[in-house]
Amino acid sequence: MKHTTLFVLGLVTAATGASAGGMDRSGQSIAPIFEDGTYVELTYGSVTPSVSGTLGVSSGSMAPSYNLFSGAYKRDLSDVLSMALIIDQPFGADVDYPTGTGYALAGSNAKVTTTGVTALLRYKLSDRFSVHGGIKHLTSHGEVELPFAGYTMSTTTESDWGYLVGAAYEIPDIALRASLTYSSATDINFTASETLLGVGSADSALDVTLPQSVNFDFQTGIAADTLLMFSARWAEWTSTTITPNLYTTFVDPGENLVDHDNDTISYSLGIGRRFNEQWSGSLSVGYEKTHGGVSGNLSPTDGYTSLTAGLKYQINAQTALSGGASYVWIGDTTTDIAGNATDFSDNTAFGFGFKLSHTF
């Protein structure tokens, strides 16, 4: 039954990043720490959203495609202590309203990039109980251009530290594992360089908090070579605001460039099956609640439902290649432009990914 842990679930969770609350992209998984022996993996994902709204005329698709890369290394330090190093792109945003559409925000664009490095230790208290914890280093940069207001902003590239801590319970004979991980908020202190037509240019401090979160992951064997999997993630996006000085003083007085009305909880439920010694697969559904209300023009989505299929080929006893694809139905929402409601509905995203893993 232990081989059921080879199944792939959420290989292309990046696909839901096109619509997930806040700027979540990777889901900040620590799954590599639970692998056997010395283990390494490399993952690539690509996401193509289709997100547009209508206010008299169509905005055109304002969410461009993007790629994600991640990697992990895990090894045992003793019979009870192991370590892992995980590199990912946990948060991000890509906005690009096409020009020439006649839409009020035509030509507006924004981009947020992050790179996370997590160093993690796991200590086995017994065959069933373990605890884990570590530190994370997050590097980020952001920029925005709003031609209708004559406004641009770009931040410096800055980094800061956070931590994570958690515990797990396992029954190896039935491939059962339940793990709970808390990840702290990360406070990053940028310098924002802003330019506003008719006012001038200015540099000022811009402090941004990227959210604390809790991940719960569960799996158990339910029949021979068959695994049930469930995960949930809570992220405190209401703590994240982006408030550049010139923007909040002159462009939209008293308002934030980016804020969030709700924290998010995203879920995934799936089943995996081992077909033979070489092939295994999985199928899962994902869900994030639609809250309603008005969304920001730089993130005109509200919840999602997704379907993900994964397939894994065991090349040999040590090396495996996994692949998968997700289709996402993005929740409908409205945005506000000068008191006018813009309807964003019937939007979708498609993502696919590959993972190469090797156990030494």
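What follows is calculated from the coordinates using simple rules that are stated; it is not laboratory data. This structure is a prediction, so every number in the text was calculated from the model and none was measured. So basically every Cβ, Gly included, is an ideal-geometry build from the backbone, and we count neighbours across all protein chains shown.
Summary of values
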{"quantity": "R0 of 51 Å, Cβ-Cβ distance His358-Glu255: FRET efficiency to nearest 0.05", "calculated": "0.55"}
{"quantity": "Separation of the Trp161 and Asp76 label points, Cα + 7 Å toward Cβ, nm", "calculated": "3.0"}
{"quantity": "Packing-based order for 99-108, 336-345, using average beta carbon neighbours within 10 Å, highest first", "calculated": "99-108, 336-345"}
{"quantity": "For Trp279, Trp234, order by how many other beta-carbon atoms lie within 10 Å, fewest first", "calculated": "Trp279, Trp234"}
{"quantity": "Per-pair calculated FRET efficiency, R0 = 41 Å: Ala317 and Ser65 via Cβ, rounded to 0.05", "calculated": "0.65"}
{"quantity": "Whole-angstrom gap from segment 38-61 to segment 127-182, using each part's C-alpha centre", "calculated": "20"}
{"quantity": "Length-normalised contact order for the chain - Cα pairs under 8 Å, 6+ apart - percent", "calculated": "19"}
{"quantity": "Dipole moment magnitude, nearest 20 debye, segment 21-133 about Cα centre, only Lys, Arg, Asp, Glu C-beta charged", "calculated": "160"}
{"quantity": "Among Arg128, Arg177, Arg274, residue whose mean-square fluctuation peaks in a GNM of the chain (springs only between Cα atoms under 10 Å)", "calculated": "Arg128"}
{"quantity": "Long-range lysine pairs (8 or more apart or interchain), the chain, Cα under 16 Å", "calculated": "5"}
{"quantity": "Using a Förster distance of 25 Å, the FRET efficiency for Met83-Ser50 (Cβ separation, nearest 0.05)", "calculated": "0.05"}
{"quantity": "Test item: Cα-centred dipole of the chain, Lys/Arg +1 and Asp/Glu -1 on Cβ, debye", "calculated": "1320"}
